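Asks: Below you will find the structure I want to go over with you.
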Amino acid sequence: MRITTIGATATAVAVLASPITSTPASVLAVPAASVVSKPAKAASVHGEARISYIESIHDDIRFTIHAEQTPFTRPMPPTAPEGLSTDARGTLKFSHSRGEVTGWAEATVDCLVTSGRTATLTAVVTKSNVEEPGARLGISVQQGGKGEPDRLGFSWGVVNVDPENVDENGQLVRPQAGSCMAPAPFTTVIKGGYKVVHAEITKSPTQPEPAPHHS
């Protein structure tokens, strides 16, 4: 896909028992049926924001993200028949307005991974006037802390360039982003924001257990 002006700028949680001292055994005997376990926490990122991008400082650029990790829900036979621990679902929308011209895209989230207040996700384009359907876009989000603004990065514009990947006219062609691949969040949120919920990735069900270590 050619880099165009507007397109380029455009575990389970366990039930926790409180500390108990000198409590009669009869009080501690809770029937198993009465213990309600909570579902495992899922990694997610949600929000909508306008960003400030140094290459298009006066443009109106906005990203809306609703993504949740759904481990092992996207089978990829034969190498990953159960899917991946970073499988995800959700939606990504962006718009980039410059004067009377607006570039936009809608995409379906396919991968999400988190670390603290940072999330990296990818989404496959379904509708757009600047991107080809089927193109995978990479997005990174950093939720600000201690008064700092949120930040966002995207896999086009100033990143993801292969100098040897050009079209018949010698113009650079942007390589496709791999699943969950995105740059550091290099832009600043100036309106709105994002909420990142972190969760550790889940072990693959087919991954063998490590052999016991004998000293």
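Asks: Filtering segment 100-122 down to residues that are small (Gly, Ala, Ser) and within 22 Å of Lys41 (Cβ to Cβ), which residue is farthest from the chain's Cα centre (by Cα)? Please lay out each step first, then the result.
Replies: Of the residues in segment 100-122, the ones small (Gly, Ala, Ser) are 103, 105, 107, 115-116, 119.
Still in the running and within 22 Å of Lys41 (Cβ to Cβ): 115-116, 119.
Working: Ser115: 11, Gly116: 13, Ala119: 5 Å.
So, considering only residues that are small (Gly, Ala, Ser) and within 22 Å of Lys41 (Cβ to Cβ), the one farthest from the chain's Cα centre (by Cα) is Gly116.
Asks: I'd like the full set of residues that are open to solvent by less than 80 Å² (accessible area, probe 1.4 Å) and closer than 21 Å to Thr120 by Cβ, limited to segment 54-71. Show your work before the answer.
Replies: First, pick out the residues of segment 54-71 that are open to solvent by less than 80 Å² (accessible area, probe 1.4 Å): 56, 59-65, 67-71.
Passing the criteria: Ile61, Arg62, Phe63, Thr64, Ile65, Ala67, Glu68, Gln69, Thr70, Pro71.
Asks: If you don't mind, there's one more thing I want to ask. Quick one: in segment 65-99, of everything that is among the acidic types (Asp, Glu) and modelled with pLDDT of 95 or more, which residue is nearest to the chain's Cα centre (by Cα)? Talk me through it step by step, then tell me what you get.
Replies: Our first condition is that a residue be among the acidic types (Asp, Glu); within segment 65-99, this holds for 68, 82, 87.
The next check asks that each one be modelled with pLDDT of 95 or more; those that pass are 68, 87.
Values: Glu68: 8, Asp87: 10 Å.
Per the stated criteria, the residue is Glu68.
Asks: Follow-up. Can you tell me which of Glu82, Glu48 is out of contact with any helix residue (DSSP H, G or I) (no Cβ under 9 Å at 6 or more places or on another chain) and in a loop (DSSP other than H, G, I, E, B)? Let's see the steps before the verdict.
Replies: Numbers: Glu48 fails: in a loop (DSSP other than H, G, I, E, B).
Exactly one of Glu82, Glu48 is out of contact with any helix residue (DSSP H, G or I) (no Cβ under 9 Å at 6 or more places or on another chain) and in a loop (DSSP other than H, G, I, E, B), namely Glu82.
Asks: Would segment 182-200 turn up any residue that is open to solvent by 50 Å² or more (accessible area, probe 1.4 Å), among the basic types (Lys, Arg) and closer than 25 Å to Gln69 by Cβ?
Replies: Checked against the condition, which is being open to solvent by 50 Å² or more (accessible area, probe 1.4 Å), among the basic types (Lys, Arg) and closer than 25 Å to Gln69 by Cβ, segment 182-200 yields at least one hit.
Asks: Would you confirm, using the coordinates I've provided, whether Gly90 is open to solvent by 10 Å² or more (accessible area, probe 1.4 Å) and assigned to a loop (DSSP other than H, G, I, E, B)?
Replies: no
Asks: Do you know which of the residues in segment 69-78 that are out of contact with any Gly (no Cβ under 6 Å at 6 or more places or on another chain) and not polar (S, T, N, Q) is nearest to Ile201 (Cα to Cα)?
Replies: The first filter runs over segment 69-78 and keeps only residues out of contact with any Gly (no Cβ under 6 Å at 6 or more places or on another chain), leaving 69-71, 76-78.
Narrowing the set further to residues that are not polar (S, T, N, Q) leaves 71, 76-78.
Numbers: Pro71: 8, Met76: 18, Pro77: 20, Pro78: 21 Å.
Among those that are out of contact with any Gly (no Cβ under 6 Å at 6 or more places or on another chain) and not polar (S, T, N, Q), it is Pro71.
The values are calculated or read from the model by the stated rules, or taken from the named source; none is laboratory data. Computed from a predicted model, the values in this text were never measured in an experiment. Counting neighbours? That spans all protein chains shown, and the Cβs are built from the backbone with ideal geometry, glycine included. Please note that ligands, DNA and RNA were not included when accessible areas were found on the heavy atoms of the full protein model with its side chains. Shrake-Rupley method; radii C 1.70, N 1.55, O 1.52, S 1.80 Å.
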